[in-house]
Amino acid sequence: PSGSLEPTLQVGDFVAVNKFSYGIRLPVWEKKIIPLAKPKVGDVVVFRWPPDPSFDYIKRVIGVPGDKISYHNKVLSINGQEMKQNFVGYTTDESSGKAVAKYRENLNN
């Protein structure tokens, strides 16, 4: 559980996943045999965490192949352009119970 996708997804939400949006894979070998689409910026995707594939991660795509992503001193840049953050307010992170600052970003529309 994580608040990283709030307010789109709340901690404890259930998510229905279409496993075929980007293509059809062979089940055991995980080899894509019929490509259908590629992830786009803004898509919410579910993937297995590489260090432990028994964990599923849900994240939003912020870059695609060829994009240069950097994150230094809490500043996100995509292709050399700083993504502006607008302060929204303070909230409580449900997974940790700690107070956190909430910001809104517009990732190139």
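All of the numbers you see were taken from the coordinates with simple rules; none came from a lab. Keep in mind it's a predicted model, so treat the numbers as computed, not measured. A quick note on method: Cβ atoms are made from the backbone with ideal geometry, for glycine too, and the neighbour counts reach across all protein chains shown.
Brief remarks follow.
- Close amide H contacts of residue 76 (hydrogens built in the peptide plane, cut-off under 5 Å, sequence separation of 5 or more or a different chain): 83.
- For the chain, the longest site-free run once chymotrypsin sites (Phe, Trp or Tyr not before Pro) in DSSP loop states with at most 12 other Cβ atoms within 10 Å are removed: 56-109
- Amide H contacts of residue 23 (H built 1.01 Å from N, in plane; Pro and chain starts excluded): 36, 37 sit under 5 Å, all sequence-distant by 5 or more or on other chains.
- Placing a label point 7 Å from the Cα of residue 49 along the Cα-to-Cβ direction, the residues of the stretch 1-24 whose backbone N falls under 19 Å of that point are 1-6, 9-15.
- The trypsin sites (Lys or Arg not before Pro) of the stretch 45-77 that DSSP puts in a loop, and whose beta carbon has at most 13 other beta carbons within 10 Å, are 68, 74.
- Entry note, the chain: relative contact order of 17 percent, from Cα contacts under 8 Å with a spacing of 6+ residues.
- Net +/- balance of residues flanking residue 92 in space, Cβ distance below 14 Å, scoring K and R +1, D and E -1: -1
- Check: the stretch 16-109 dipole with +1 on Lys, Arg Cβ and -1 on Asp, Glu Cβ, in debye: 220 debye
- Were the residues from residue 15 through residue 88 laid out at 0.36 nm apart, the gain over their Cα-Cα distance would be 23.7 nm.
- Local electrostatic count, residue 45, Cβ distance below 9 Å [Lys/Arg +1, Asp/Glu -1]: +1
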